[in-house]
Amino acid sequence: MEIRSIDKLESEAQLRDLVREYLSHEISELRAISGLDLNVDELVADTFDHIDEYLPPTGGLHISIDGSDNLQGCVFLKMIRPDACEIKRLYVKPAARGLGLGRKLMESILSHARNLGAAHVLLDTGFYDTAAQGLYRNLGFDQIECYPEGESDPELQPYLLFMQLDL
């Protein structure tokens with residue numbers, strides 16, 4: 001498995017499928033604890049309507065790709081303030097879990113954030129996603145209050161945990 005930074009969107013169909021898989025999983029988990037039912041098609045479209053925010057020079061999009069050029073994971077990064085980035089959509093396909101890809105993607109995107117000059121990296125994650133929370137804590141993230149520049153919808157905030165890493 002190789003971790004790559006994408007400078008421009010080339011394999012949009014594969015990435016769109018991966019983002020759809022991620023968002024479908026998140027919506028299912030969220031529905032189970034909240035009763036909220038979000039539209040996956042709208043969320044995928046919104047992601048790709050704003051994809052330039054996650055590409056250089058002001059963002060980062062890193063992927064994990066296998067030897068057959070199939071996407072196995074992704075993570076997105078965008079500047080939200082002059083001193084801070086936000087991480088979104090860390091996802092590893094279930095078949096590729098247990099290989100350390102989540103950590104490798106995070107280490108790669110954190111290096112990207114440093115190169116952008118960020119002093120802080122912020123993220124949100126669902127209360128239900130204890131594996132991701134463990135990874136983030138292991139990387140040095142601490143829990144914080146909701147940050148106003150974040151991408152999360154206000155109706156979702158009660159079900160999210162907000163975290164920050166000072167670089």
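The values are calculated or read from the model by the stated rules, or taken from the named source; none is laboratory data. The structure displayed is predicted, hence computed values, not measured ones. Positions of Cβ are generated from backbone atoms using ideal geometry, with glycine treated the same way; all protein chains shown enter the neighbour counts. All accessible areas refer to the heavy atoms of the entire protein, side chains included, with ligands and DNA or RNA removed. Shrake-Rupley method; radii C 1.70, N 1.55, O 1.52, S 1.80 Å.
Taking the range 126-150 on its own, how many of its residues are open to solvent by less than 60 Å² (accessible area, probe 1.4 Å) and either touching a residue at least 24 places away in the same chain (Cβ under 8 Å) or in contact with a Lys or Arg (Cβ under 7 Å, 6 or more places away or on another chain) (or both)? Can you show your working first?
The first filter runs over the range 126-150 and keeps only residues open to solvent by less than 60 Å² (accessible area, probe 1.4 Å), leaving 126, 128-129, 132-136, 139-141, 144, 146-147, 150.
Retained after the next criterion (residues that are either touching a residue at least 24 places away in the same chain (Cβ under 8 Å) or in contact with a Lys or Arg (Cβ under 7 Å, 6 or more places away or on another chain) (or both)): 126, 128-129, 132-133, 135-136, 139-141, 147, 150.
Adding up the residues that qualify gives 12.
Could you list, in sequence order, the residues of the range 123-159 that are under 22 Å from Leu61 (Cα atoms) and in a strand (DSSP E or B)?
Listed by number, the residues that qualify are Leu123, Asp124, Thr125, Gly126.
Tally the residues that are assigned to a helix (DSSP H, G or I) and among the aliphatic types (A, V, I, L, M), restricting the search to the range 113-122. Can you show your working first?
Going through the range 113-122, the residues assigned to a helix (DSSP H, G or I) turn out to be 113-115.
Narrowing the set further to residues that are among the aliphatic types (A, V, I, L, M) leaves 113.
Count: 1.
Pairs, please: C-beta under 7 Å, at least 6 apart or cross-chain, first residue over 19 Å from Ser108 (Cα atoms) and in the range 44-68, second among the hydrophobic types (A, V, I, L, M, F, W, C) and at pLDDT 90 or above?
Here the result reads Val44/Val19; Val44/Leu23; Thr47/Val19, each pair linking the range 44-68 to a residue that is among the hydrophobic types (A, V, I, L, M, F, W, C) and at pLDDT 90 or above.
Table: residues versus (1) among the hydrophobic types (A, V, I, L, M, F, W, C); (2) in contact (Cβ under 8 Å) with a residue 12 or more places away in the chain; (3) out of contact with any Cys (no Cβ under 7 Å at 6 or more places or on another chain); (4) within 25 Å of Leu160 (Cβ to Cβ).
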{"position": "Arg16", "(1), (2), (3), (4)": "no, yes, yes, yes"}
{"position": "Glu21", "(1), (2), (3), (4)": "no, yes, yes, yes"}
{"position": "Leu71", "(1), (2), (3), (4)": "yes, yes, yes, no"}
{"position": "Lys78", "(1), (2), (3), (4)": "no, yes, no, yes"}
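Go through (1) open to solvent by 20 Å² or more (accessible area, probe 1.4 Å); (2) more than 20 Å from Glu21 (Cα to Cα); (3) in a strand (DSSP E or B) and name the single condition Phe162 misses.
(1)
Given (1) under 21 Å from Leu15 (Cα atoms); (2) over 13 Å from the mean Cα position of the chain (by Cα), identify the lone condition not met by Gly140.
For Gly140, the failing item is (1).
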